[in-house]
1. Scanning region 306-360 for residues that are out of contact with any Gly (no Cβ under 6 Å at 6 or more places or on another chain) and β-branched (Val, Ile, Thr), which turns out surrounded by the fewest Cβ atoms within 10 Å (Cβ to Cβ)?
2. If you go through region 442-462 one residue at a time, how many are over 16 Å from Ser478 (Cβ atoms), loosely packed, with under 15 Cβ neighbours inside 10 Å and not basic (Lys, Arg)?
3. Suppose we filter Leu279, Leu307 for residues that are touching a residue at least 24 places away in the same chain (Cβ under 8 Å), outside any loop (DSSP other than H, G, I, E, B) and farther than 30 Å from Leu365 by Cα; which single one remains?
4. When you look at Ala412, is it within 27 Å of Phe435 (Cα to Cα), touching a Gly at 6+ places or on another chain (Cβ under 9 Å), open to solvent by less than 40 Å² (accessible area, probe 1.4 Å) and among the hydrophobic types (A, V, I, L, M, F, W, C), yes or no?
5. When the residues of region 73-116 are narrowed to those that are touching a residue at least 40 places away in the same chain (Cβ under 8 Å), within 24 Å of Glu310 (Cα to Cα) and among the charged types (D, E, K, R), which ends up most open to solvent (accessible area, probe 1.4 Å)?
6. Applying the selection to region 159-175, what residues are outside any loop (DSSP other than H, G, I, E, B) and either in contact with a Phe, Trp or Tyr (Cβ under 7 Å, 6 or more places away or on another chain) or of a type in the set (A, V, I, L, M) (or both)?
7. Restricting attention to region 381-396, which residues are touching a strand residue (DSSP E or B) at 6+ places or on another chain (Cβ under 6 Å), among the hydroxyl-bearing types (Ser, Thr, Tyr) and open to solvent by 30 Å² or more (accessible area, probe 1.4 Å)?
Amino acid sequence: MRKIRDVLTCLLERNLSYRDAALYTGVGRSAVHAVKKRFDLAGLTWPLTAEIDDIMLERALYPGQAPGPSGLAPPIDFGAVHESLKAKGATLATLHHEWLEQHPDLSPISYSHYCKLYQIFKKSLQISMRRIDAYGEVAYVDYSGLTMAVTNADTGEISQVQIFVGVLGASNYTYCEASATQRSRDWIASHVRMFEYFGGVPHVVVPDNLKAAVNKADRFSPVINETYLAMCRYYGTNPFPARAYKPRDKSKAESGVLLAQRWILFVLRRHKFFSIAELNREIASLLQKLNARKFQKLAGSRFSRWLEHERSALLPLPSQRYELSEWGKVRAGQDYHISIEEHFYSVPFQFKGRELETRLTEHTLDIICQGKVIATHTRSYLVGGTSTNPAHRPASHKAVANWTEEEAMSWAATVGPSAQAMLKQQLAKTRGHHFGYRITEAMRSLGKNYGRERLEAVCLYALAHKVSGTEDLRNIISKKLDLLLPDEIVGNSVNETDHENIRGAGHYERLLNSPGGNEA
């Protein structure tokens, strides 16, 4: 309307020509001529009286036409239009067509003008309406920059706790709670409680780019934290991180955080809390009041819109609450064990040296290779301990692990009393089943290679000469010293010999008279 007044001023007050008025005002010459003609037909006089404002002048010059953006709005409930756009498939073109059909008695409004009026309405809202979210479609989550203090009742130590905020996109229904940290465990636990508070799950969750949600931020292909992604899969929702340094992508979360800071944190600023649970009880009370507050520009409240529209559009909650699981990647060592929180868990020996995935819950550990669970353990909190499944060992290692002294002595008894006594002496000098297994296997090897009778004779000779090492037994065999045993020793057991060092003259005489004795 400012242009119309300028045109009339040039023509009627300055007496300019149509050409000059068009050049001065920047309006086409035909438009200048049309304005003058409408002014004459309206029967108005110049100068205009003080009571004729821009709206009255526009109505006088353009009777029967809808006023422009600066004029009075036609009888259109743009609050209802705004809510209707949140339904899936709704468009301004469809709503404009419906409005024309419902009001045939009113002057028609063009679609472009209808859109302009709606944009003016959106700008008048206090809450940013950059995005139009359908009911049940999306929830925005973030942490508040402000924290709350919690005092340890025993030590008096004050710690700052984090404030988690979640907002449903269409109804703006808000959830808020305090948690100890922003780490993955607290982050996911807050999501679980948020979904339960909403009474359902949105199709999309829009987080910020914190490490608990995103391993690597990227505008097109962000790498989602595997632990967070597993939780989203369980609830059937999809994480869609906001772009880095783009707060408008999560404007609802920003608004929710601001409201939580103003209506919850500021109210509690002078309170002293001694536990997070105590703080969350107060937050829950104020949160209920926040969601029940009436909108300034729209009808209803966050709670009423959630109750009427959003709750039924959310995905249903699973029958069981999600059990927090932490995902990670590890590499199995050559001992076919992996380390999780300084505790060692076994995997099948075939997977040694390979990179594996882990899923750690409060009670169990699943070890996964290419999507298949290859091992499951009960979670242990013993630092430095080992959880080994015997089935994961190779055959040779199973033999070591299953070795017992009783079994070894039973085998030695089948060879003879000297072998049994020799093995007992050797085992008495060692500690641990690994060494015991090696000694037993060394004697088994001698018995296999030379026969049990020869092994019994070798052990008899070794006991008589007070030697007990495995290498000593091999030397006796290689030098055939066991064949030179005196008759009184061969005919009697070691335990029945009067004295193990008594050989007598007969022993040396036989040794000298034996074939090759002089050479020996």
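1. Filtering region 306-360 for residues that are out of contact with any Gly (no Cβ under 6 Å at 6 or more places or on another chain) and β-branched (Val, Ile, Thr), the one surrounded by the fewest Cβ atoms within 10 Å (Cβ to Cβ) comes out as Val330.
2. Here the count works out to 1.
3. Leu279
4. No, not satisfied.
5. Selected residue: Lys88.
6. Val161, Gln162, Ile163, Phe164, Val165, Gly166, Val167, Leu168, Tyr175, listed by residue number.
7. The answer is Thr386, Thr388.
Per-residue answers, yes or no, for (1) within 15 Å of Leu168 (Cα to Cα); (2) in a helix (DSSP H, G or I):
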site	(1), (2)
Asn209	no, no
Asp218	no, no
Thr227	no, yes
Met231	no, yes
Tyr234	no, yes
Lys252	yes, yes
Ser255	yes, yes
Gln261	no, yes
Val267	no, no
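The values are calculated or read from the model by the stated rules, or taken from the named source; none is laboratory data. For clarity, every value in this text was computed on a predicted model and none was experimentally measured. Neighbour counts run over all protein chains shown; Cβ positions are idealised from the backbone, glycine included. Please note that ligands, DNA and RNA were not included when accessible areas were found on the heavy atoms of the full protein model with its side chains. Shrake-Rupley method; radii C 1.70, N 1.55, O 1.52, S 1.80 Å.
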